[in-house]
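Here is the structure we will look at.
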Amino acid sequence: DGGITQSPKYLFRKEGQNVTLSCEQNLNHDAMYWYRQDPGQGLRLIYYSQIVNDFQKGDIAEGYSVSREKKESFPLTVTSAQKNPTAFYLCASTPDSDYGYTFGSGTRLTVV
Amino acid sequence: GNSVTQMEGPVTLSEEAFLTINCTYTATGYPSLFWYVQYPGEGLQLLLKATKADDKGSNKGFEATYRKETTSFHLEKGSVQVSDSAVYFCALSDHGTSYDKVIFGPGTSLSVIP
């Protein structure tokens with residue numbers, strides 16, 4: 001079955017460490033997105049990519065980086081510059097916004 | 001710009017009660033409208049959608065009708081169950097000037113008690 005796979009489900013980061021969250025889709029969708037969700041809050045857009053080798057900053061890109069070398073993959077790196085990275089991270093994809101998004105199951109990142 | 005407004009939560013209902021979660025939107029053009037559901041610790045799942053005025057989306061007993069005259073897409077269910085406890089997000093499509101995206105409301109938390 002087609003879908004989006006996010007890994008790992010839980011991730012722990014030490015202070016000053018970079019970590020990378022994986023997002024892989026086999027839906028053949030062109031557009032992919034990364035969102036951050038804090039407890040009891042809505043979704044905030046970090047980065048998006050409409051096509052391979054192209055991506056743009058969203059509303060809260062500081063302290064994050066991405067790459068889009070393959071259509072299927074859109075990894076997110078949380079750098080040490082992100083001062084408050086503890087959150088739930090969601091990856092999504094779509095062929096067209098009228099179709100709606102398909103979401104992954106999320107990665108919960110905790111700073112220890 | 002385009003936006004979505006939802007009723008404030010949390011909403012607490014007894015099992016078998018009737019549910020309404022209000023959603024209104026502001027948009028240019030003719031967006032598609034969506035309801036997503038998020039269970040604790042999980043990603044969002046598409047619950048239902050409607051692509052044009054007067055369309056009714058339905059799934060798992062939930063319904064919502066695309067009302068262009070009132071710019072609304074209220075979510076309803078006739079008899080809620082404990083398993084419906086989740087956060088519900090109203091959303092619309094936005095082809096925009098810079099990129100294609102879905103705009104989400106802030107979410108409404110629903111708790112159903114036995």
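The values are calculated or read from the model by the stated rules, or taken from the named source; none is laboratory data. All figures in this text were calculated on a predicted structure; none of them were measured in a lab. Note that each Cβ is placed from the backbone with ideal geometry, even for glycine, and that neighbours are counted across all protein chains shown. For the accessible areas, the whole protein counts, side chains as well, though only heavy atoms, and no ligand, DNA or RNA atoms are used. Shrake-Rupley method; radii C 1.70, N 1.55, O 1.52, S 1.80 Å.
Here are some notes:
- If the condition is being of a type in the set (S, T, Y), more than 11 Å from the chain's Cα centre (by Cα) and closer than 23 Å to B:G1 by Cβ, then region B:67-101 contributes B:T70, B:T71, B:S93, B:T97, B:S98, B:Y99.
- Across region A:62-109, the qualifying residues are those that are within 13 Å of chain B (Cβ to nearest Cβ) and acidic (D, E), and the one among them that is nearest to B:A50 (Cα to Cα) is A:D98.
- Screening A:F55 on (1) under 25 Å from B:A86 (Cα atoms); (2) assigned to a strand (DSSP E or B) shows it passes everything except condition (1).
- Residue selection: B:T5 fails the criterion of being farther than 21 Å from A:Q37 by Cβ and out of contact with any helix residue (DSSP H, G or I) (no Cβ under 9 Å at 6 or more places or on another chain).
- Only one of A:R44, A:R36, A:R13 that is within 15 Å of A:P75 (Cα to Cα), touching a residue at least 12 places away in the same chain (Cβ under 8 Å) and basic (K, R): A:R36
- Residue within region B:26-38 that is over 17 Å from B:S3 (Cβ atoms) and among the aromatic types (F, W, Y) present: no
- You will find that of B:T24, B:T28, B:T20, B:T12, the residue that is over 30 Å from A:C23 (Cα atoms), out of contact with any helix residue (DSSP H, G or I) (no Cβ under 6 Å at 6 or more places or on another chain), part of a loop (DSSP other than H, G, I, E, B) and open to solvent by 30 Å² or more (accessible area, probe 1.4 Å) is B:T28 and no other.
- A single entry from B:D94, B:D84 fulfils the requirement of being acidic (D, E), surrounded by 15 or more Cβ atoms within 10 Å (Cβ to Cβ) and farther than 30 Å from A:D30 by Cβ: B:D84.
- Given (1) within 30 Å of B:L33 (Cβ to Cβ); (2) over 11 Å from the mean Cα position of the chain (by Cα); (3) of a type in the set (G, A, S), index of the condition A:S80 fails: (1)
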